[in-house]
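First the structure, in the form of structure tokens, and then the observations on it.
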Amino acid sequence: MVCAGIHIVLEGYFSFNHGSLAGKQTVLADLWREYAHSDSRYLTSDPFTVIMEGITAVFDGSFAALTAYGILADSPIRHPAQLITSLAQLYGDVLYMATNYMEGYRYTNPHPMYFYGYFVLMNLPWIVIPTYLIIDSVKSIYRGMLIAQRATSTKKTN
């Protein structure tokens with residue numbers, strides 16, 4: 001649920017308030033202004049950043065909540081939802097970081113604290129954890145499909 005909360009609340013806040021973050025006096029605006037020290041696109045309403053954060057808030061946030069439900073309820077929806085969520089998170093973060101790279105990091109503060117501390121380290125979990133969860137879900141779905149396939153072929157031979 002932490003993941004869903006981050007996407008829906010934090011990134012949702014950015015998506016709806018990107019144009020007025022600089023003047024807002026809220027904790028969430030303060031967090032985004034602080035993060036903007038590492039990537040100034042967050043205070044310039046950069047179209048890619050706004051669109052990506054909006055998609056992440058709605059899509060990734062919803063699927064993260066569905067994944068949490070799947071885990072807590074031990075539901076079969078867990079691994080399909082986890083796979084979709086993780087692929088979306090990985091895709092979004094790779095695009096976010098790659099566009100910055102392709103533009104020569106011109107929006108990124110070169111100070112080590114902001115570049116490595118904020119830009120790299122704060123985004124690294126959104127690459128490492130989804131990669132692990134993608135592998136976990138693919139293995140689980142594969143095992144489930146293998147069991148179903150064997151059960152089906154056993155019925156045919158009897």
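The values are calculated or read from the model by the stated rules, or taken from the named source; none is laboratory data. All values reported here derive from a predicted model rather than from experimental measurement. Glycine also receives a Cβ, built like all others from the backbone with ideal geometry; neighbour counts cover every protein chain displayed. Note: areas computed on protein heavy atoms with side chains; ligands, DNA, RNA excluded. Shrake-Rupley method; radii C 1.70, N 1.55, O 1.52, S 1.80 Å.
Have a look at 101, 69, 114, 91 and point out the one that is touching a Ser or Thr at 6+ places or on another chain (Cβ under 8 Å) and within 22 Å of residue 14 (Cβ to Cβ).
So the residue among 101, 69, 114, 91 that is touching a Ser or Thr at 6+ places or on another chain (Cβ under 8 Å) and within 22 Å of residue 14 (Cβ to Cβ) is 114.
Hey, can you tell me all the residues within segment 99-133 that are of a type in the set (D, E, K, R) and out of contact with any helix residue (DSSP H, G or I) (no Cβ under 9 Å at 6 or more places or on another chain)?
Across segment 99-133, the qualifying residue is only 103.
State the number of residues belonging to segment 1-40 that are among the charged types (D, E, K, R) and touching a strand residue (DSSP E or B) at 6+ places or on another chain (Cβ under 9 Å).
1
Within segment 45-66, restricting attention to residues that are touching a residue at least 60 places away in the same chain (Cβ under 8 Å) and under 17 Å from the mean Cα position of the chain (by Cα), which residue is least open to solvent (accessible area, probe 1.4 Å)?
Ranking the candidates gives 64 first.
Residue under question is residue 88, and the condition is that it be out of contact with any helix residue (DSSP H, G or I) (no Cβ under 8 Å at 6 or more places or on another chain) and of a type in the set (A, V, I, L, M); does it hold?
When the stated conditions are applied, residue 88 does not pass them.
With the condition being under 30 Å from residue 142 (Cα atoms), I'd like the helices (runs of 4 or more DSSP H) fully within segment 28-122 carrying at least 3 qualifying residues.
61-72, 78-102
List the residue pairs whose Cβ atoms are under 7 Å apart, where the first residue sits in segment 68-91 and is over 17 Å from residue 6 (Cα atoms) and open to solvent by less than 20 Å² (accessible area, probe 1.4 Å), the second is part of a loop (DSSP other than H, G, I, E, B) and aliphatic (A, V, I, L, M), and the two are 6 or more positions apart or on different chains.
Final answer for the pair search is 70/77.
Does segment 6-25 hold any residues that are over 15 Å from residue 59 (Cβ atoms) and small (Gly, Ala, Ser), and which are they?
Within segment 6-25, 19, 20, 22, 23 qualify.
From the list 129, 141, pick out the single residue that is surrounded by 14 or more Cβ atoms within 10 Å (Cβ to Cβ) and under 14 Å from the mean Cα position of the chain (by Cα).
129
List the residue pairs whose Cβ atoms are under 6 Å apart, where the first residue sits in segment 135-158 and is closer than 26 Å to residue 82 by Cα, the second is in a helix (DSSP H, G or I), and the two are 6 or more positions apart or on different chains.
137/79; 137/82; 137/83; 140/79; 141/79
Which residue pairs have Cβ atoms closer than 6 Å, lie 6 or more positions apart in sequence or on different chains, and pair a first residue in segment 120-131 that is closer than 18 Å to residue 108 by Cβ with a second residue that is part of a helix (DSSP H, G or I)?
Filtered contacts from segment 120-131: 123/93; 126/89; 126/93; 127/93.
How about segment 13-44: which of its residues are out of contact with any Leu (no Cβ under 9 Å at 6 or more places or on another chain), of a type outside the set (Ser, Thr, Tyr) and buried (at least 19 other Cβ atoms within 10 Å of the Cβ)?
Hits for segment 13-44 are 39, 41.
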